[in-house]
Amino acid sequence: MEFEIPDESLENWLSQLKPYQKNSITELLKSNDELKTAEIWVTSTGPKNIVTFGGEPKQKPFWNNLKMEFDQFLCNDSVYIKEKNSLKKESPISQALLVSTISGALGAKLGLAATLLAPAIILLLYCASKITLKAYCNTYYKIAKK
């Protein structure tokens with residue numbers, strides 16, 4: 001159930017974000033690669049005395065769960081079937097549709113708002129777009145399953 005991820009510049013991907021998200025991500029990218037920036041975004045504790053995105057102080061498992069769900073979305077034909085079928089009807093798939101579909105599906109599964117996940121999803125999609133989807137799945141999804 002393969003679909004094509006648009007091969008766009010990072011700036012083009014980031015243009016999908018709200019200005020405050022784009023500014024934060026751009027700042028993080030000055031000293032981190034895209035994957036690390038996505039992890040930092042998702043595991044951010046934010047202001048003191050506020051529950052973190054995952055609801056607990058240790059966020060590494062949440063990042064791992066998000067990454068696992070993202071890889072399953074892209075690489076496992078037996079999950080997120082409805083969402084992938086709707087994407088396959090679009091040609092070409094717009095970045096906005098791809099980001100909102102994946103953020104919404106993963107957010108529902110993980111119990112988070114899609115808008116919180118969108119910056120991380122954009123960075124993960126950008127990384128995946130740099131190689132073919134098949135190469136991405138053969139590398140990241142199969143390694144994670146071991």
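When each of 62, 53, 73 is tested for being in a helix (DSSP H, G or I), at pLDDT below 85 and not polar (S, T, N, Q), the lone residue that passes is 62. Scan segment 104-137 for residues that are closer than 17 Å to residue 34 by Cα and part of a helix (DSSP H, G or I) and the total you get is 15.
Of (1) modelled with pLDDT of 90 or more; (2) of a type in the set (S, T, N, Q); (3) surrounded by fewer than 18 Cβ atoms within 10 Å (Cβ to Cβ), residue 86 satisfies all except one. Which? Unmet condition: (1).
The values are calculated or read from the model by the stated rules, or taken from the named source; none is laboratory data. From a predicted model like this one, the values you see are computed outputs, not experimental measurements. Note that each Cβ is placed from the backbone with ideal geometry, even for glycine, and that neighbours are counted across all protein chains shown.
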